[in-house]
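Structure first, commentary second.
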Amino acid sequence: MEYRNIGNTGMKVYKVSFGASSLGGVFHSLKEETGIEAVHTAIDNGINFIDVSPYYGHLKAETVLGKALKNIERSRYYLSTKVGRYGKDGVNTWDYSGRKAKESVYESMERLNVDYIDLINIHDIEFADLEQICKETLPALTALRDEGVIKHVGITNLTLRHFKYVIDHVPPGTVESILSFCHYTLNDDALADYLDYFEANHIGVINASPYSMGLLTERGVPDWHPAPAALKRLAAKAVAFCQSRGISIEQLAVGFSVANSRIATTLFSTTNPENVLKTIRYANTPLDMELLAEVQKIFEPGFRDTWVNS
(Lines give C-alpha, C1' and ligand atoms only; values in the text may rest on other atoms or scores of the structure.)
Protein backbone atom coordinates (compact mmCIF):
# COMPACT_ATOMS: atom_id res chain seq x y z
CA MET A 1 0.00 0.00 0.00
CA GLU A 2 1.22 3.48 -0.86
CA TYR A 3 1.66 5.93 2.01
CA ARG A 4 2.50 9.60 1.56
CA ASN A 5 3.58 12.44 3.83
CA ILE A 6 1.23 15.28 4.75
CA GLY A 7 3.72 18.10 4.24
CA ASN A 8 6.22 18.29 7.09
CA THR A 9 3.82 17.01 9.76
CA GLY A 10 5.44 13.59 9.99
CA MET A 11 2.04 11.99 9.34
CA LYS A 12 2.47 9.33 6.69
CA VAL A 13 -0.96 8.33 5.42
CA TYR A 14 -2.48 5.97 2.90
CA LYS A 15 -3.42 7.58 -0.41
CA VAL A 16 -7.13 7.24 0.39
CA SER A 17 -8.52 8.13 3.80
CA PHE A 18 -11.82 7.85 5.64
CA GLY A 19 -13.99 10.95 5.73
CA ALA A 20 -16.53 10.51 8.49
CA SER A 21 -19.15 13.00 7.28
CA SER A 22 -21.45 10.11 6.34
CA LEU A 23 -21.52 9.05 10.00
CA GLY A 24 -23.58 12.17 10.57
CA GLY A 25 -26.16 11.13 7.98
CA VAL A 26 -25.00 13.95 5.71
CA PHE A 27 -25.51 12.16 2.40
CA HIS A 28 -27.97 9.39 3.20
CA SER A 29 -29.67 7.86 6.24
CA LEU A 30 -27.35 6.09 8.65
CA LYS A 31 -27.42 2.72 10.36
CA GLU A 32 -25.03 3.35 13.21
CA GLU A 33 -23.81 -0.24 13.48
CA THR A 34 -22.79 -0.44 9.82
CA GLY A 35 -21.16 2.98 10.06
CA ILE A 36 -19.02 1.75 12.95
CA GLU A 37 -18.21 -1.40 10.98
CA ALA A 38 -17.13 0.79 8.04
CA VAL A 39 -14.62 2.58 10.29
CA HIS A 40 -13.24 -0.72 11.57
CA THR A 41 -13.01 -2.07 8.02
CA ALA A 42 -11.05 1.00 6.92
CA ILE A 43 -8.51 0.73 9.75
CA ASP A 44 -8.18 -3.05 9.43
CA ASN A 45 -7.36 -2.65 5.74
CA GLY A 46 -4.59 -0.07 6.04
CA ILE A 47 -6.40 3.27 6.10
CA ASN A 48 -4.80 5.28 8.90
CA PHE A 49 -6.22 8.81 8.60
CA ILE A 50 -9.78 9.73 9.62
CA ASP A 51 -11.36 13.16 9.19
CA VAL A 52 -14.51 14.44 10.88
CA SER A 53 -16.13 17.65 12.16
CA PRO A 54 -18.60 18.66 14.86
CA TYR A 55 -20.62 20.20 12.02
CA TYR A 56 -21.34 16.85 10.36
CA GLY A 57 -24.74 15.75 11.53
CA HIS A 58 -24.50 18.48 14.19
CA LEU A 59 -22.24 16.42 16.51
CA LYS A 60 -23.61 13.04 15.41
CA ALA A 61 -20.63 12.10 13.22
CA GLU A 62 -18.13 12.74 16.01
CA THR A 63 -20.30 10.84 18.47
CA VAL A 64 -20.62 7.77 16.24
CA LEU A 65 -16.94 7.91 15.31
CA GLY A 66 -16.06 8.08 19.00
CA LYS A 67 -17.95 4.84 19.56
CA ALA A 68 -16.09 3.25 16.64
CA LEU A 69 -12.69 4.32 17.94
CA LYS A 70 -13.29 3.53 21.59
CA ASN A 71 -11.53 0.16 21.61
CA ILE A 72 -9.01 0.74 18.81
CA GLU A 73 -5.37 1.32 19.72
CA ARG A 74 -4.66 5.03 19.28
CA SER A 75 -1.39 4.42 17.43
CA ARG A 76 -3.26 2.77 14.54
CA TYR A 77 -4.74 6.00 13.15
CA TYR A 78 -4.34 9.75 12.79
CA LEU A 79 -7.43 11.77 13.67
CA SER A 80 -8.49 15.09 12.19
CA THR A 81 -11.44 17.23 13.22
CA LYS A 82 -12.43 20.86 12.81
CA VAL A 83 -13.53 24.09 14.45
CA GLY A 84 -15.62 27.00 13.20
CA ARG A 85 -18.76 25.36 11.80
CA TYR A 86 -21.42 23.94 14.09
CA GLY A 87 -25.14 23.40 14.29
CA LYS A 88 -28.01 22.49 16.57
CA ASP A 89 -31.63 21.45 16.02
CA GLY A 90 -31.16 21.59 12.26
CA VAL A 91 -29.78 25.15 12.29
CA ASN A 92 -26.22 25.77 11.07
CA THR A 93 -24.01 28.14 13.05
CA TRP A 94 -20.53 29.61 12.66
CA ASP A 95 -18.14 30.80 15.35
CA TYR A 96 -14.47 31.40 14.52
CA SER A 97 -13.53 33.06 17.79
CA GLY A 98 -10.43 31.87 19.58
CA ARG A 99 -12.46 31.10 22.69
CA LYS A 100 -14.89 28.86 20.83
CA ALA A 101 -12.08 27.16 18.90
CA LYS A 102 -10.40 26.10 22.15
CA GLU A 103 -13.69 24.95 23.69
CA SER A 104 -14.55 22.99 20.57
CA VAL A 105 -11.26 21.09 20.57
CA TYR A 106 -11.84 19.80 24.11
CA GLU A 107 -15.48 18.98 23.38
CA SER A 108 -14.46 17.03 20.27
CA MET A 109 -11.88 15.05 22.22
CA GLU A 110 -14.55 14.01 24.69
CA ARG A 111 -16.96 12.88 21.95
CA LEU A 112 -14.17 11.09 20.10
CA ASN A 113 -12.82 9.32 23.20
CA VAL A 114 -9.24 10.55 22.65
CA ASP A 115 -6.84 12.65 24.70
CA TYR A 116 -5.25 14.49 21.78
CA ILE A 117 -6.07 15.37 18.16
CA ASP A 118 -3.51 14.88 15.41
CA LEU A 119 -4.84 17.63 13.13
CA ILE A 120 -7.26 20.48 13.78
CA ASN A 121 -8.65 22.26 10.74
CA ILE A 122 -10.48 25.56 10.69
CA HIS A 123 -13.61 24.56 8.82
CA ASP A 124 -14.59 26.39 5.60
CA ILE A 125 -12.77 29.66 6.13
CA GLU A 126 -14.74 31.35 3.34
CA PHE A 127 -17.57 31.82 5.86
CA ALA A 128 -15.25 33.71 8.21
CA ASP A 129 -13.57 37.07 8.35
CA LEU A 130 -10.14 36.05 7.07
CA GLU A 131 -8.50 38.66 9.29
CA GLN A 132 -10.06 36.95 12.30
CA ILE A 133 -8.75 33.61 11.06
CA CYS A 134 -5.23 35.04 10.84
CA LYS A 135 -5.21 37.09 14.03
CA GLU A 136 -7.44 35.11 16.40
CA THR A 137 -8.44 31.59 15.35
CA LEU A 138 -5.06 30.37 14.20
CA PRO A 139 -3.18 31.83 17.20
CA ALA A 140 -5.64 30.07 19.53
CA LEU A 141 -4.97 26.76 17.82
CA THR A 142 -1.21 27.19 17.67
CA ALA A 143 -1.30 27.81 21.42
CA LEU A 144 -3.00 24.43 21.86
CA ARG A 145 -0.37 22.94 19.56
CA ASP A 146 2.37 24.36 21.77
CA GLU A 147 0.68 22.74 24.77
CA GLY A 148 0.54 19.35 23.00
CA VAL A 149 -3.25 19.13 23.06
CA ILE A 150 -3.24 19.07 19.27
CA LYS A 151 -0.35 18.03 17.05
CA HIS A 152 -0.92 19.99 13.84
CA VAL A 153 -3.02 22.85 12.42
CA GLY A 154 -4.68 23.21 9.03
CA ILE A 155 -7.44 25.03 7.16
CA THR A 156 -10.25 23.87 4.86
CA ASN A 157 -12.21 25.68 2.18
CA LEU A 158 -13.96 25.38 -1.16
CA THR A 159 -12.63 28.69 -2.54
CA LEU A 160 -8.98 27.98 -3.34
CA ARG A 161 -7.65 31.55 -3.36
CA HIS A 162 -8.52 31.96 0.32
CA PHE A 163 -5.88 29.41 1.26
CA LYS A 164 -3.17 31.57 -0.24
CA TYR A 165 -4.42 34.72 1.49
CA VAL A 166 -4.31 33.14 4.94
CA ILE A 167 -0.98 31.38 4.46
CA ASP A 168 0.57 34.63 3.21
CA HIS A 169 -0.66 36.57 6.25
CA VAL A 170 0.48 34.32 9.11
CA PRO A 171 3.98 33.31 10.28
CA PRO A 172 5.57 30.40 8.38
CA GLY A 173 4.67 27.07 9.93
CA THR A 174 1.36 28.29 11.33
CA VAL A 175 -0.65 26.42 8.70
CA GLU A 176 0.72 22.92 8.14
CA SER A 177 -1.88 21.49 5.78
CA ILE A 178 -4.90 22.41 3.69
CA LEU A 179 -8.00 20.38 2.94
CA SER A 180 -9.65 21.15 -0.40
CA PHE A 181 -12.80 19.45 -1.64
CA CYS A 182 -14.31 18.99 -5.09
CA HIS A 183 -11.31 20.60 -6.82
CA TYR A 184 -9.34 17.53 -7.85
CA THR A 185 -11.96 15.42 -9.57
CA LEU A 186 -12.86 14.27 -13.07
CA ASN A 187 -14.77 17.50 -13.67
CA ASP A 188 -12.57 20.00 -11.82
CA ASP A 189 -8.79 19.88 -11.29
CA ALA A 190 -8.31 23.50 -10.18
CA LEU A 191 -6.37 22.37 -7.10
CA ALA A 192 -3.47 21.50 -9.43
CA ASP A 193 -2.85 25.22 -10.01
CA TYR A 194 -1.90 25.67 -6.34
CA LEU A 195 0.33 22.63 -5.76
CA ASP A 196 3.58 24.49 -6.51
CA TYR A 197 2.60 27.20 -4.02
CA PHE A 198 1.74 24.71 -1.28
CA GLU A 199 4.96 22.78 -1.79
CA ALA A 200 7.03 25.98 -1.71
CA ASN A 201 5.44 26.76 1.67
CA HIS A 202 5.82 23.20 3.01
CA ILE A 203 2.05 22.78 3.22
CA GLY A 204 0.57 19.28 3.02
CA VAL A 205 -2.37 18.80 0.65
CA ILE A 206 -5.46 16.76 1.49
CA ASN A 207 -8.05 16.28 -1.24
CA ALA A 208 -11.64 15.44 -0.40
CA SER A 209 -14.66 14.09 -2.25
CA PRO A 210 -13.36 12.29 -5.34
CA TYR A 211 -17.02 11.74 -6.21
CA SER A 212 -17.70 15.49 -6.06
CA MET A 213 -20.28 15.07 -3.28
CA GLY A 214 -22.15 12.40 -5.22
CA LEU A 215 -22.00 14.04 -8.65
CA LEU A 216 -19.68 11.31 -9.95
CA THR A 217 -21.63 8.26 -8.83
CA GLU A 218 -23.99 5.76 -10.39
CA ARG A 219 -26.38 6.45 -7.52
CA GLY A 220 -26.59 10.06 -8.66
CA VAL A 221 -26.57 13.41 -6.94
CA PRO A 222 -28.59 14.04 -3.78
CA ASP A 223 -31.42 16.57 -4.16
CA TRP A 224 -29.52 19.22 -2.22
CA HIS A 225 -26.39 19.12 -4.41
CA PRO A 226 -25.43 22.71 -5.32
CA ALA A 227 -23.87 22.01 -8.73
CA PRO A 228 -25.36 23.87 -11.71
CA ALA A 229 -28.02 21.92 -13.61
CA ALA A 230 -25.87 21.86 -16.75
CA LEU A 231 -23.01 20.22 -14.83
CA LYS A 232 -25.37 17.62 -13.40
CA ARG A 233 -26.45 16.76 -16.94
CA LEU A 234 -22.82 16.36 -18.03
CA ALA A 235 -22.18 14.12 -15.01
CA ALA A 236 -25.14 11.90 -15.89
CA LYS A 237 -23.76 11.60 -19.42
CA ALA A 238 -20.31 10.67 -18.06
CA VAL A 239 -21.82 8.05 -15.74
CA ALA A 240 -23.69 6.44 -18.63
CA PHE A 241 -20.56 6.50 -20.81
CA CYS A 242 -18.51 4.69 -18.17
CA GLN A 243 -21.25 2.12 -17.76
CA SER A 244 -21.19 1.50 -21.52
CA ARG A 245 -17.47 0.71 -21.18
CA GLY A 246 -18.04 -1.68 -18.30
CA ILE A 247 -16.30 0.49 -15.67
CA SER A 248 -18.00 2.41 -12.89
CA ILE A 249 -17.38 6.13 -12.82
CA GLU A 250 -16.50 5.70 -9.13
CA GLN A 251 -13.49 3.59 -10.07
CA LEU A 252 -12.31 6.18 -12.58
CA ALA A 253 -12.92 9.03 -10.14
CA VAL A 254 -10.87 7.48 -7.33
CA GLY A 255 -8.13 6.39 -9.73
CA PHE A 256 -7.79 9.93 -11.06
CA SER A 257 -7.71 11.57 -7.63
CA VAL A 258 -5.05 9.28 -6.15
CA ALA A 259 -2.83 9.23 -9.24
CA ASN A 260 -1.30 12.60 -8.33
CA SER A 261 1.41 11.79 -5.80
CA ARG A 262 1.73 15.48 -4.86
CA ILE A 263 -1.58 15.10 -3.03
CA ALA A 264 -1.03 13.29 0.26
CA THR A 265 -4.40 11.60 0.49
CA THR A 266 -7.95 11.74 -0.85
CA LEU A 267 -10.87 11.50 1.56
CA PHE A 268 -13.97 9.46 0.73
CA SER A 269 -17.01 8.94 2.91
CA THR A 270 -19.32 5.96 3.32
CA THR A 271 -21.19 4.04 5.99
CA ASN A 272 -20.98 0.82 3.98
CA PRO A 273 -18.06 -1.53 4.78
CA GLU A 274 -18.24 -3.00 1.27
CA ASN A 275 -17.78 0.46 -0.22
CA VAL A 276 -14.65 0.91 1.90
CA LEU A 277 -13.16 -2.22 0.35
CA LYS A 278 -14.27 -1.13 -3.13
CA THR A 279 -12.61 2.25 -2.73
CA ILE A 280 -9.34 0.68 -1.63
CA ARG A 281 -9.53 -1.60 -4.65
CA TYR A 282 -10.23 1.36 -6.95
CA ALA A 283 -7.23 3.20 -5.49
CA ASN A 284 -5.00 0.27 -6.41
CA THR A 285 -6.38 -0.25 -9.92
CA PRO A 286 -4.28 1.28 -12.73
CA LEU A 287 -5.92 4.37 -14.20
CA ASP A 288 -7.42 3.84 -17.66
CA MET A 289 -5.93 6.86 -19.43
CA GLU A 290 -8.01 6.40 -22.59
CA LEU A 291 -11.27 6.30 -20.66
CA LEU A 292 -10.13 9.27 -18.58
CA ALA A 293 -9.54 11.36 -21.71
CA GLU A 294 -12.97 10.47 -23.08
CA VAL A 295 -14.76 11.33 -19.83
CA GLN A 296 -12.90 14.63 -19.46
CA LYS A 297 -13.97 15.46 -23.01
CA ILE A 298 -17.58 14.96 -21.95
CA PHE A 299 -17.01 17.44 -19.12
CA GLU A 300 -15.32 20.04 -21.35
CA PRO A 301 -18.35 22.41 -21.57
CA GLY A 302 -18.49 22.60 -17.77
CA PHE A 303 -14.92 21.75 -16.81
CA ARG A 304 -13.89 23.51 -13.57
CA ASP A 305 -17.41 24.87 -13.11
CA THR A 306 -17.98 25.16 -9.38
CA TRP A 307 -20.60 26.43 -6.96
CA VAL A 308 -21.02 28.45 -3.80
CA ASN A 309 -20.39 26.62 -0.55
CA SER A 310 -23.44 26.10 1.63
Of all the accessible heavy-atom surface of segment 142-248, with the other protein chains kept in place and a 1.4 Å probe, what percent is carbon and sulfur? 52
Which residue, L252, L130, L179, tops the fluctuation ranking in a GNM of the chain built on C-alpha contacts under 10 Å? L130
List, largest first, the extents of the alpha carbons of segment 34-177 along their principal axes, each in whole Å. 41, 34, 27
Note the direction-averaged projected area, equal to a quarter of the hull surface, for the Cα convex hull of segment 71-124, in nm². 4.4
Between the Cα axis of helix 273-283 and the main Cα principal axis of the chain, the angle (0 to 90°, nearest 10) is 70
What is the Cα radius of gyration of segment 165-239 over 2.2 N^0.38 Å, N being its residue count? 1.36
Pairing the Cα long axis of helix 32-44 with the longest principal axis of the chain, what angle in degrees results, from 0 to 90 and rounded to the nearest 10? 90
Out of every Cα pair in segment 1-108, what percent are spaced more than 16 Å from each other? 60
Rg in Å to one decimal, and Dmax rounded to a whole Å, for the chain via C-alpha atoms: 18.3, 55
18 Å Cα-Cα reach of K278 towards lysines, excluding residues that sit fewer than 8 places from it in its own chain: K15
What Rg and what Dmax come out for segment 88-241 when only alpha-carbon atoms are used, in angstroms? 17.4, 53
Which three extents, in whole angstrom, do the alpha-carbon atoms of segment 122-204 cover along their principal axes, largest first? 41, 24, 20
Let me see the pair-distance distribution of segment 239-310: every alpha carbon pair, 10 Å bin width, integer percents in order. 17, 44, 35, 4
Enter the accessible area per residue of segment 1-130 (Å², integer; probe 1.4 Å; all protein chains in place). 41
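The values are calculated or read from the model by the stated rules, or taken from the named source; none is laboratory data. These numbers were taken from a predicted model, which means no experiment stands behind them. All accessible areas refer to the heavy atoms of the entire protein, side chains included, with ligands and DNA or RNA removed. Shrake-Rupley method; radii C 1.70, N 1.55, O 1.52, S 1.80 Å.
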